[in-house]
Amino acid sequence: MPSPSKPNSIAIVGGGLAGLAAAAAAVEHGFHVELFEQAIHVGGRAGSYRDKEADRLVDLSPHVAMGCCTNLIQFCQATGIEGGFVRHSLLHFFGPDGTQYEFKPSHWLPAPLHLMPALRGLGYLTRRDQRGIGKAMLRLARYRLPDSPDASTMGQWLLVQRQSKNAVRLFWAVVLESALGDSLDHVSVTAAKKVFVDGFMAAKSSYEVLIARLPLGELWQRAATWLSGQGVKIHTKARIASLKFEEGRVAGVEIADGQFHSFDHTVAAVAWKQLPKLLGDALLAAVPEAASAAELESSPVTAVHLWYDQRWTNLPHAAIVGRLSQWLFEGPQGIRHTLAESPGIESAAFASAFHCTVVISASHALLGRGTTTVLAEVLDDLASIWPESRAAKLLHHRVLTQPSAVFSARPGTDAMRPPQGTAVPGLFLAGDWTATGWPATMEGAVRSGNLAIEAVLVACGRPATVLTPDLPKGFLIRWIAR
Ligand SMILES: Cc1cc2nc3c(=O)[nH]c(=O)nc-3n(C[C@H](O)[C@H](O)[C@H](O)COP(=O)(O)OP(=O)(O)OC[C@H]3O[C@@H](n4cnc5c(N)ncnc54)[C@H](O)[C@@H]3O)c2cc1C
């Protein structure tokens with residue numbers, strides 16, 4: 001039995017960051033909003049799972065945001081969860097021989113010159129490589145070729161720029177594989193430019209790293225609670241089986257249990273691989289750009305969660321250079337997070353355990369490897385930097401690989417990413433994979449949600465800006481990239 005349409009109503013399908021951001025923007029603009037998420041909790045790929053053995057909420061993978069993520073930061077401020085992130089302006093790097101180096105940009109030099117002392121601080125790179133990297137970064141800022149399937153990959157471009165093997169392996173790959181989630185042999189120069197210009201060169205604080213101090217799932221749940229307080233109806237465990245496509249428009253959503261809800265506007269905020277199932281053949285034919293987005297290549301990310309009986313580092317994060325392990329993050333310590341409905345009983349061993357996670361992006365090579373060998377290599381990596389970790393007892397571990405963690409930002413990808421508005425009245429798209437200009441990130445997801453509501457507002461005849469502006473670009477980078 002169809003439920004009656006509410007005036008100015010929006011259904012949001014998917015409770016990842018794109019869906020949550022769309023809900024926040026829509027409710028702010030006076031819409032009646034209902035969000036449908038198939039999982040028990042909101043958060044999607046940036047969410048958490050309940051680890052039975054550790055009896056706590058654990059991130060599927062720790063997520064890092066940067067100072068340049070203006071829309072994500074604004075979303076967190078609007079929903080009252082910004083205190084859940086800690087901002088780090090000093091980044092800790094460990095060179096191939098295990099020596100620690102600090103990445104510390106200058107306070108007084110203007111962007112992008114503020115990066116020079118930071119680059120110099122990476123003492124595992126030769127002076128010659130550091131100079132070469134600096135020059136290539138400036139050329140990257142001026143790179144103008146349009147993204148196309150036959151454009152160079154970043155790996156090819158770096159060869160042309162005569163970057164040494166060490167510069168590629170110990171610098172470019174370290175930054176870009178974690179930022180874009182795929183290898184230099186796959187990613188486009190356009191995507192790499194976005195990372196370096198927006199993430200490092202544009203403004204002095206853009207490189208700063210934001211890491212959650214609480215499990216991400218807990219933070220997104222708090223944002224959802226805030227949204228509920230604003231009147232957004234959030235339905236979890238509510239899989240949308242299909243969108244109602246009749247008389248050339250999308251008129252609402254059909255839940256898997258058969259209930260139909262009618263809405264004026266529907267935002268499909270699911271991942272690109274989930275889109276064909278949700279839209280169905282008729283809608284895919286009407287929105288061919290959605291069908292092409294579903295063909296985007298994926299890239300895997302692996303998170304190796306480790307629980308020890310004692311702490312062996314006080315660092316909140318570390319970039320591990322030249323090894324299988326890429327980043328180490330300290331897990332939220334001593335806080336046992338429980339989403340209200342399942343309090344559980346904490347075991348004494350885990351009450352004081354040291355939880356840390358090693359993240360490996362672009363982990364294609366791990367897909368065919370057993371977890372035992374991956375774990376052994378990761379433990380060796382850690383012990384070669386922190387020998388104390390060998391003395392600590394490993395209480396529990398979990399190796400989680402998400403094969404479709406992110407879409408791969410290959411040459412030609414931009415043309416495959418559709419705008420948030422579609423030619424079908426009532427249908428809008430959101431998700432990190434839509435056209436935002438950003439790689440697959442929380443910022444890209446939030447931007448897509450904001451852009452989807454901008455498109456809804458245009459369709460309603462009351463255009464407004466929802467997107468939060470970028471950090472202002474320094475005069476020098478504007479001049480360099482002119
Ligand atoms: C392992 C890993 C590490 C990452 N690291 C980082 C990082 O460090 N920094 C960073 O910024 N980004 C990182 N990312 C990327 C980031 O997580 C994503 O870009 C972002 O979370 C995407 O959000 P989204 O809302 O677009 O999509 P999703 O999170 O995929 O949300 C889609 C939602 O739709 C729901 N859904 C699907 N179909 C239906 C249906 N039929 N009915 C109802 N609901 C449905 C899904 O359950 C899901 O919750 C990482 C991703 C992964 C997987």
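General observations
- Subset tally (residues that are under 25 Å from Leu210 (Cβ atoms) and either charged (D, E, K, R) or part of a helix (DSSP H, G or I) (or both)) for segment 155-181: 11
- Listed conditions (1) more than 26 Å from His88 (Cα to Cα); (2) in the same structural domain as Thr126 (by TED's automatic domain parsing) are all met by Phe196, apart from (1).
- Here Tyr124, Tyr143 are screened, and the one residue that is of a type outside the set (A, V, I, L, M), part of a loop (DSSP other than H, G, I, E, B) and under 30 Å from Thr401 (Cα atoms) is Tyr124.
- Here Ala191 fulfils each of the conditions (1) outside any helix (DSSP H, G or I); (2) modelled with pLDDT of 95 or more apart from (1).
- Flag for Ala464 being outside any strand (DSSP E or B) and in the same structural domain as Glu247 (by TED's automatic domain parsing): no
- Residue pairs whose Cβ atoms lie under 6 Å apart, sitting 6 or more positions apart in sequence or on different chains, and linking a residue in segment 422-435 that is in the same structural domain as Trp272 (by TED's automatic domain parsing) and farther than 13 Å from Ala285 by Cβ to a partner that is among the small types (Gly, Ala, Ser) and assigned to a loop (DSSP other than H, G, I, E, B), are Ala430/Ala269; Gly431/Ala269; Asp432/Ala440.
- Hits in segment 17-58 (condition: part of a helix (DSSP H, G or I), aliphatic (A, V, I, L, M) and within 16 Å of the ligand (Cβ to nearest atom)): Leu17, Ala18, Leu20, Ala21, Ala22, Ala23, Ala24, Ala25, Ala26, Ala46
- For segment 119-137, taking the residues that are touching a residue at least 40 places away in the same chain (Cβ under 8 Å) and surrounded by 14 or more Cβ atoms within 10 Å (Cβ to Cβ), the one that is nearest to Thr190 (Cα to Cα) is identified as Met137.
- Of the strands (runs of 3 or more DSSP E) lying entirely inside segment 196-251, those containing at least 1 residues that are without any contact (Cβ under 8 Å) to a residue 40 or more places away in the chain and within 13 Å of the ligand (Cβ to nearest atom) span 240-246.
- Any hit, segment 242-264, residues being under 27 Å from the mean Cα position of the chain (by Cα), surrounded by fewer than 22 Cβ atoms within 10 Å (Cβ to Cβ) and either more than 21 Å from Ile453 (Cβ to Cβ) or hydrophobic (A, V, I, L, M, F, W, C) (or both): yes
- Counting only strands (runs of 3 or more DSSP E) that fall entirely inside segment 285-332 and contain at least 3 residues that are among the hydrophobic types (A, V, I, L, M, F, W, C) and more than 23 Å from Ala409 (Cβ to Cβ), the qualifying elements are 298-308.
The values are calculated or read from the model by the stated rules, or taken from the named source; none is laboratory data. What you see is a predicted model; the values in this text were computed from it and never measured. When we count neighbours, we look across all protein chains shown, and the Cβ atoms used for this are built from the backbone with ideal geometry, even at glycine.
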